[in-house]
Amino acid sequence: MARVFIPQPLRKRAGGRIEVQIPGKNLREVIENLEKEIPGAAEYILKDGELKPGLAAIVGEQATRQGLLHKIEDDETEIHFLPAIAGGQSSALGYAVRRPRRLHCVRNVSG
Amino acid sequence: MHPFEYVRAKSVDEAVAALAKHGERARPLAGGTDVLVMARAGRWELDALVDIKHIPETNIVELGASEFRLGAAVPCYRIYEDDEISAKFPCLVDTASIIGGIQIQSRAGLGGNLCNASPSADGIGPLIVHHATCVIAGPNGTREVAVEDFCTGPGRSVIGNGELLVEMKMPIPRKGFGAAYERFTPRNEMDIAIAGVASSVQLNGNIIESARIALASVGPTPILSSAGDQLAGKEATAENFSAAAQAAIADTSPISDMRGTVEQRKHLVGVLTRRTLERAVERARENN
Amino acid sequence: MVEKVRVRATLNGEPVDFLVAPYTSLLDTLRDELGLTGTKEGCNDGNCGACTVNMDGRIVDSCCVLGAEIDGSTVETIEGMAEPGKLHLLQQTFLEEAALQCGICTPGFLVSAKALLEKEPHPSETRIRFWLSGNLCRCTGYDKIVKAVQKAAESA
Amino acid sequence: MVTDTTKGKYNVIGTRPIRHDGYDKVTGRAIYGADITLPGLLQGAILRSPHAHARIKSIDTSAAAAMPGVHAVITHTDFPAAEDTLVDLGEGAVNFRYASNNVMAGDKVLYRGHPVAAVAAVDKNTALEAASLIKVEYEVLKPVTKVMDAMKPGAPIVLEDLEGQDLGEKIDGQTNQANHFRHEFGDVDKGFAQADLVIEHEYDTAMVHQGYIEPHNATATWDEDDRITVWTSTQGAFAARRQIAGVLRVPDSQVKVIPLEIGGGFGGKIPTYLEPVAAILARKSGRPVKLLMERTSVFESTGPTPGSWMHVKVGVKNDGTITAATADLRFDAGAYPGSPVGAAAMCVFSAYDIPNTRIDGYDIVVNKPKTAAYRAPGATHAAFAMETVVDEICEKIGMDPLEFRIQNAAKEGTRRADGPIHPKIGAIETHQAAMQSDHWKTPLENAPDGKLRGRGVATGYWFNIGLKSVVTIAVNEDGTVALTEGSTDIGGSRASIAMMAAEVLGIPVEDVRPHVADTEGIGYTDVTGGSRTTYATGYAAHDAAQDVVTQLLERAAKLWDVEPDEVEFSNGSYQSKSDPELRLSHKELSSKLGSTGGPVVGTASVDPEGAGGAYSTQIADVEIDPETGKTDVIRFTVVQDVGTAIHPAYVEGQMQGAAAQGIGWALNEEYFFNDDGQMVNSSFLDYRMPTSYDLPEIETIIVEVPNPGHPFGVRGVGEVPIVPPVAAIANAIHDALGIRFRETPINPGRIRAALEAKE
């Protein structure tokens, strides 16, 4: 079990709850179970089965570096999902472009 | 940068000939601290730079009985490192020691500062209040122009094609003369004046016989203000300095830009006029 | 095509004789033509002092000098500061006082500070700060640089 | 109270040795990016947009290509279509499509200085001349440069295909709002209702630049085997490799990045600008190509830190307890999404324990260069707002500003306003050390005639990061060791990393030879940024040295024919537990490696999670000339919890350098844009960074509250000292003039205008 703090964008779907108690031995299981509790949560957190770039998962007091395999040690372990912004290079969540399209490409560099 | 030739002139005639040959596409090179930067920035397209630092006349520093001659290529440090000149022309030291840093002062001089004709030039006001005259050589001989008439617009001067500023000359201050320059910049060094004021007074007792006030960075050219004339015959008092400051402000036509606003510049001219008059009077009293 | 000009000068105590395009700055001449890359480019317009060299006993921004102008002159760069196997006192105090971080401004500061101490062996802190104001440093806040110059002045 | 945990505890840590790379740096021998030369090297030049916002109608490169001496001319059509994907860069992430578009504009230029074409030629001047012959036809569009203008309906749209987000919902239609997020805890309405005093203000800060003295540079080769080699000045060779490969659409392993000495970065040399351009020029010309950036372009076209609009509101009881706080932080990202507003949100209230908080963050695109990290990015802005509100509260309720900060200080277990719980931190210790400083205890002297003096104090928080680092240590037969790391050294980190290895090995630091390797000489290492290098790479050095010790214990056991657990290591010596006669120093044992199994190499790869957070509290005294509006900083003290100071001289250097940058930010530095969105002060002359003549001595007080997340207690030190200075100066100016400034820079013009309004 872990205390998962609901990111603001998911709070509406979570019925306004700020935190929920979610079972799971590791972060992956917690996210899977969170999805059952709050549909859409996994899409918000994961991309191609991994934590989204630009997103930091805090397990305990610090951003996890073990990713989805991070073991959840006890029921009081807190989990937060925050915009991973340490150095400005990046960004918060969810940047996308409306119409993915090719740039004018006359010739592929490696081709 | 357009490729240009380097011509090292050994005489005024050689320099004039080289400048005349290329017309607008040639410039004299003295300190180089402006001309090289501007050429690189594409401000001018040049075919030749004519180095005038190897000409005896442009290197002259001569403290005569009645006249001080300062060659156009003399760098700033030769003013403030010369004790005699420093003693007689502290106002020139005021300016020579704040133009750029030490590196710039090794090369840049008041002649180049004048020819650059920047409205914000620190060197021109002090020359104006010292009643300096410019000696200009050209294909048709030599002519003289008062410093206050030298600049004609931002970056523009009376220097025509083929002409060369050879030297500035100014009278040796009489007893009771004092002058000072002060500028305002946000940094203490390495900065461009938001406003600058040079003031000089000829004092007789506490009476100002004559005065000159020149303003920088508050118009398209350095300005010889009428405020100096208004002080003539008046006492050196705080009230009269304040009145002169107001008169100086009235002579300005500044613009707002990245360095300062119209209001700020006008206000600063008032403050600096008062401060430089006080300092000039102090120096005038010391020079008695 | 503008022809190159021949330049003969004394560089770090050695005679040099080379050809350079007349529009090439002394900075580029030193770095690209003569292989002395210790002199650094920071701004190329005389406002940072990273390219400071000593020319005929005066410090100058080498970006604001033409290579052609040094004909007949004596030029000293950072490469000429240490004697073989022995650092200049200022180089030593800069190391001891941690007066450099990224190090890009360091050659310019050293050349400037050397000229100061040769002229004025015991400058005040204010005088040091004034003299060095043509050299920008963004890493140190200048504190340790000023102290290193003071230390060199004291131990000279 | 300055804790003194380090003294006497270590042999090497806490001493001030001469840095290993210092000799090269004081003699001019050190090779920086611009110093590299290769046989057949061509020089490049980039043509950049004169407009802040314009559509490119056509580009005609024919005249440039025809010029003698020109070997290649490229535009965006020479770039591959980049992948539209966000990729983790360790410290942050990058969208390659935007990164590609940033290094060479496509159909639109988004800021003045945006590259539109590039040339490689036999020399610099030919390249520049050729670039000037390229004809670009623009349709000039209206630019938008300020956050609040960009958020207005009908504002010019910077990125036509940006999909904006607002609290997790997609925004319908075109927008400049890339994102809006929120952190919320407790009930702020209830909290403000409990307050006796509520202070709230709006803030506006100007964009500023890191101002590193070395311009960007890149030299590239692209060989027949499609192997790309890039020599560059970067804060991270691996991050550079990933960006270059992403823009060029080749596998990372096809690119080798050789990091040279780096002349300052402060976050600004994490992104790549010239590297992919140099690579494509090299491919097209078949020759090595070098690109050097002009200073003007460094200002106009690299990544400064944002301008911002902020609103901060704080409620407090008369006894000095904070009951609630809200912050609305709107940052300009530049031309592409990704401002440090998230970091600002993490930091804005993190020096305090506040029960009810709400923070809104907005990331807004504008027609300015894409922002990059700048030393604790976002935190300085946030602290300017929060710390000046706190100062006003202290003034109104009559409380000492340091006592107020101690009373409300965050401590271990306090929940940060963005969610996570603080681990062990030294906020209170830092405030206490400030209170006991000579500076704080010495009253301000009276100002000279006509001048006014004031004192201000402010505090700042930065979270620091860990991330990946690899270190190898090879033992030489003479007992010295070669330490190889992947962290580029900007401020002396080779020395601090070597010191930690020496401490573990029990050898003099001079016997460690540190070396920064290229991307093929060491395992993946994240950027030198986030105050992580001495922390994480130091952690790896510690572990690699431990690995060496473990192996040397085995060698000693082999020599003495005993089991390894019968040998112990202490104070640099290996000795038998049973026979005191059997004892070898590190040096002696090293000489016997050849006969016990060959060379010993220790390695460690770390990705530590315990970076901990850092606090700095700073005191500023100013003297103001009210007639001119000029502010002089006459005394300045930086107090900081550094965990453990490995090399105190370079720790102090970080504190002093950051303070100097903060003072410049507070008083003069800014991007000044004209109505056409063009930066008009893009030179060191008019950008006005402080010179030595503008600053006083910067006093430093090192506080050591060891970080339990590091074997030697290290916390990051590089970033947090830039967080408080702007606020400290603003508070000092208020103390002198009685006027609160809520815009930066607080320059003479602004001070004069405020004084006139007051008169």
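The values are calculated or read from the model by the stated rules, or taken from the named source; none is laboratory data. As the structure is a prediction and not an experimental result, all values here were calculated from the model. Cβ: placed from backbone, ideal geometry, glycine included. Neighbour counts: every protein chain shown. Please note that ligands, DNA and RNA were not included when accessible areas were found on the heavy atoms of the full protein model with its side chains. Shrake-Rupley method; radii C 1.70, N 1.55, O 1.52, S 1.80 Å.
List of remarks:
Residue-by-condition table, conditions (1) under 14 Å from residue D:691 (Cα atoms); (2) open to solvent by less than 10 Å² (accessible area, probe 1.4 Å); (3) modelled with pLDDT of 95 or more; (4) at the interface with another protein chain (Cβ under 7 Å from one of its Cβ atoms):
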{"position": "C:98", "(1), (2), (3), (4)": "no, yes, yes, yes"}
{"position": "C:104", "(1), (2), (3), (4)": "no, yes, yes, yes"}
{"position": "C:109", "(1), (2), (3), (4)": "yes, yes, yes, no"}
{"position": "C:113", "(1), (2), (3), (4)": "no, yes, yes, no"}
{"position": "C:126", "(1), (2), (3), (4)": "yes, no, yes, no"}
{"position": "C:129", "(1), (2), (3), (4)": "yes, no, yes, yes"}
{"position": "C:133", "(1), (2), (3), (4)": "yes, yes, yes, yes"}
{"position": "C:138", "(1), (2), (3), (4)": "yes, no, yes, yes"}
{"position": "C:142", "(1), (2), (3), (4)": "yes, yes, yes, yes"}
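- Lone qualifier among D:637, D:628 - being open to solvent by less than 10 Å² (accessible area, probe 1.4 Å), away from chain C (no Cβ under 14 Å) and either of a type outside the set (A, V, I, L, M, F, W, C) or outside any loop (DSSP other than H, G, I, E, B) (or both): D:628
- Per the listing C:42, C:72, C:13, the residue uniquely under 14 Å from the mean Cα position of the chain (by Cα) and among the small types (Gly, Ala, Ser) is C:42.
- All positions within region B:63-91 that are buried (at least 24 other Cβ atoms within 10 Å of the Cβ), touching a residue at least 40 places away in the same chain (Cβ under 8 Å), among the aliphatic types (A, V, I, L, M) and under 28 Å from residue B:176 (Cβ atoms): B:70
- Within the span defined as region B:57-70, every residue fails to be assigned to a loop (DSSP other than H, G, I, E, B), more than 11 Å from residue B:167 (Cα to Cα) and in contact with a helix residue (DSSP H, G or I) (Cβ under 7 Å, 6 or more places away or on another chain).
- Among the residues of region D:346-360, at least one is at pLDDT below 95 and either within 12 Å of chain A (Cβ to nearest Cβ) or touching a helix residue (DSSP H, G or I) at 6+ places or on another chain (Cβ under 8 Å) (or both).
- If you check C:154, C:118 for being of a type outside the set (Lys, Arg), over 23 Å from residue D:700 (Cβ atoms) and either out of contact with any strand residue (DSSP E or B) (no Cβ under 8 Å at 6 or more places or on another chain) or within 14 Å of chain B (Cβ to nearest Cβ) (or both), only one passes: C:118.
- Checked against (1) over 30 Å from residue D:384 (Cβ atoms); (2) open to solvent by less than 20 Å² (accessible area, probe 1.4 Å); (3) out of contact with any strand residue (DSSP E or B) (no Cβ under 8 Å at 6 or more places or on another chain); (4) within 14 Å of chain C (Cβ to nearest Cβ), residue D:510 passes all but a single condition, namely (2).
- Region D:679-701, subset in contact (Cβ under 8 Å) with a residue 24 or more places away in the chain and among the aromatic types (Phe, Trp, Tyr), residue farthest from the other protein chains (Cβ to nearest Cβ): D:687
- Residue check for residue C:50: at pLDDT 95 or above and at the interface with another protein chain (Cβ under 7 Å from one of its Cβ atoms): yes
- Number of positions in region D:428-440 that are open to solvent by 50 Å² or more (accessible area, probe 1.4 Å) and closer than 11 Å to residue D:637 by Cβ: 2
- Inside region D:415-431, residues that are more than 11 Å from chain A (Cβ to nearest Cβ) and over 22 Å from residue D:318 (Cα atoms) make up a count of 5.
- In this entry, residue D:83 passes the filter for residues that are at pLDDT below 95 and touching a helix residue (DSSP H, G or I) at 6+ places or on another chain (Cβ under 7 Å).
- Residue list for region B:173-188, filter: under 16 Å from residue D:669 (Cα atoms), crowded, with 21+ Cβ neighbours inside 10 Å and not polar (S, T, N, Q): B:186
- Restricting attention to region B:10-56, the residues being in a loop (DSSP other than H, G, I, E, B), within 11 Å of chain C (Cβ to nearest Cβ), within 16 Å of residue B:112 (Cα to Cα) and over 19 Å from the mean Cα position of the chain (by Cα) number 1.
- Where residue D:743 falls short, out of the listed (1) in contact with a strand residue (DSSP E or B) (Cβ under 6 Å, 6 or more places away or on another chain); (2) crowded, with 24+ Cβ neighbours inside 10 Å: (2)
- Complete set of residues in region D:727-750 that are in a helix (DSSP H, G or I) and under 30 Å from the mean Cα position of the chain (by Cα): D:727, D:728, D:729, D:730, D:731, D:732, D:733, D:734, D:748, D:749, D:750
- Whichever residue in region A:21-45 is among the β-branched types (Val, Ile, Thr) and more than 14 Å from every other protein chain (Cβ to nearest Cβ) and, among such residues, is farthest from residue A:56 (Cα to Cα): A:22
- In region D:145-254, counting only helices (runs of 4 or more DSSP H) that sit wholly within it, the ones holding 2 or more residues that are of a type in the set (A, V, I, L, M, F, W, C), crowded, with 20+ Cβ neighbours inside 10 Å and at pLDDT 95 or above span D:147-150, D:237-248.
- Any chance residue C:62 is surrounded by fewer than 20 Cβ atoms within 10 Å (Cβ to Cβ), more than 9 Å from chain D (Cβ to nearest Cβ) and modelled with pLDDT of 95 or more: no
- Filtered by the rule that a residue be surrounded by 24 or more Cβ atoms within 10 Å (Cβ to Cβ), within 19 Å of the chain's Cα centre (by Cα) and closer than 18 Å to residue D:520 by Cα, region D:255-277 gives a lone residue, D:259.
- From the options D:322, D:364, residue that is of a type outside the set (D, E, K, R) and either surrounded by fewer than 24 Cβ atoms within 10 Å (Cβ to Cβ) or under 16 Å from the mean Cα position of the chain (by Cα) (or both): D:322
- Residue in region B:198-215 that is among the aliphatic types (A, V, I, L, M), open to solvent by less than 10 Å² (accessible area, probe 1.4 Å), more than 14 Å from every other protein chain (Cβ to nearest Cβ) and not in a strand (DSSP E or B) present: no
- Among the residues of region D:23-64, the ones that are without any contact (Cβ under 8 Å) to a residue 24 or more places away in the chain and of a type in the set (Gly, Ala, Ser) come to 2 in all.
- Residue C:20 crowded, with 17+ Cβ neighbours inside 10 Å, of a type in the set (Val, Ile, Thr) and in contact with a helix residue (DSSP H, G or I) (Cβ under 7 Å, 6 or more places away or on another chain): yes
- Any hit, region D:483-494, residues being among the polar types (S, T, N, Q), part of a loop (DSSP other than H, G, I, E, B), touching a residue at least 24 places away in the same chain (Cβ under 8 Å) and in contact with a helix residue (DSSP H, G or I) (Cβ under 9 Å, 6 or more places away or on another chain): yes
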